[in-house]
Amino acid sequence: MLTVLPIQDKNIQEELCKICGAEFDTNSFAYRADDGVFLGICQFRFAFGVGEISALKYAPDTKDDEAMIIMLRAAMNFMHRCGLKKSVFLADSAPQSLLDLSSYGKDKDGNYEIDLDKFYISPCHYNK
């Protein structure tokens, strides 16, 4: 069974970032996805009223897109519940395949972003 849980221990967060090849940020929140084995990590922070995804990375030898998107949605939901209206992916924070599945769209500068208010009003009809 898939579980997505917040990582509350910074030492564990650092270790899982290292496993996934993500740069650890002590000031970031993080979630982990597991289904009996560790599947990946989503690391994110709040900066100037915007949620920044700094890592959405698979664990080695795994590629469960569905688990990764569910984990991303958990991070998005947390950001939105905290009052953030926008979220962005930082450069090189996720493989292109996950960016394409994420519901985030490119802004005029080519960065991936999402309007969380619009997304949560109608996620099934959200247009990038």
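Just one of the listed residues (D117, D61) is over 15 Å from the mean Cα position of the chain (by Cα) and within 15 Å of C20 (Cβ to Cβ), and it is D61. Would you call A30 crowded, with 20+ Cβ neighbours inside 10 Å and in a strand (DSSP E or B)? It is true that A30 is crowded, with 20+ Cβ neighbours inside 10 Å and in a strand (DSSP E or B).
Residue by residue, here is whether (1) touching a residue at least 12 places away in the same chain (Cβ under 8 Å); (2) open to solvent by 30 Å² or more (accessible area, probe 1.4 Å); (3) hydroxyl-bearing (S, T, Y); (4) not in a helix (DSSP H, G or I) holds:
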| position | (1), (2), (3), (4) |
| --- | --- |
| G40 | yes, no, no, yes |
| Q43 | yes, no, no, yes |
| I69 | yes, no, no, no |
| M76 | yes, no, no, no |
| L84 | yes, no, no, yes |
| A94 | yes, no, no, yes |
| L98 | yes, no, no, no |
| K118 | no, yes, no, no |
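Answer with yes or no whether G49 is loosely packed, with under 14 Cβ neighbours inside 10 Å and out of contact with any Pro (no Cβ under 7 Å at 6 or more places or on another chain). Talk me through it step by step, then tell me what you get.
On the way: loosely packed, with under 14 Cβ neighbours inside 10 Å: yes; out of contact with any Pro (no Cβ under 7 Å at 6 or more places or on another chain): yes.
Criteria met by G49.
Would you mind stating whether E15 is in contact (Cβ under 8 Å) with a residue 24 or more places away in the chain, open to solvent by 70 Å² or more (accessible area, probe 1.4 Å), within 20 Å of K63 (Cα to Cα) and not in a strand (DSSP E or B)?
Working: in contact (Cβ under 8 Å) with a residue 24 or more places away in the chain: no; open to solvent by 70 Å² or more (accessible area, probe 1.4 Å): yes; within 20 Å of K63 (Cα to Cα): yes; not in a strand (DSSP E or B): yes.
Judged against the criteria, E15 is not a match.
The values are calculated or read from the model by the stated rules, or taken from the named source; none is laboratory data. All values reported here derive from a predicted model rather than from experimental measurement. Don't worry about glycine lacking a Cβ; one is built from the backbone with ideal geometry, like all the others, and counts go over all protein chains shown. All accessible areas refer to the heavy atoms of the entire protein, side chains included, with ligands and DNA or RNA removed. Shrake-Rupley method; radii C 1.70, N 1.55, O 1.52, S 1.80 Å.
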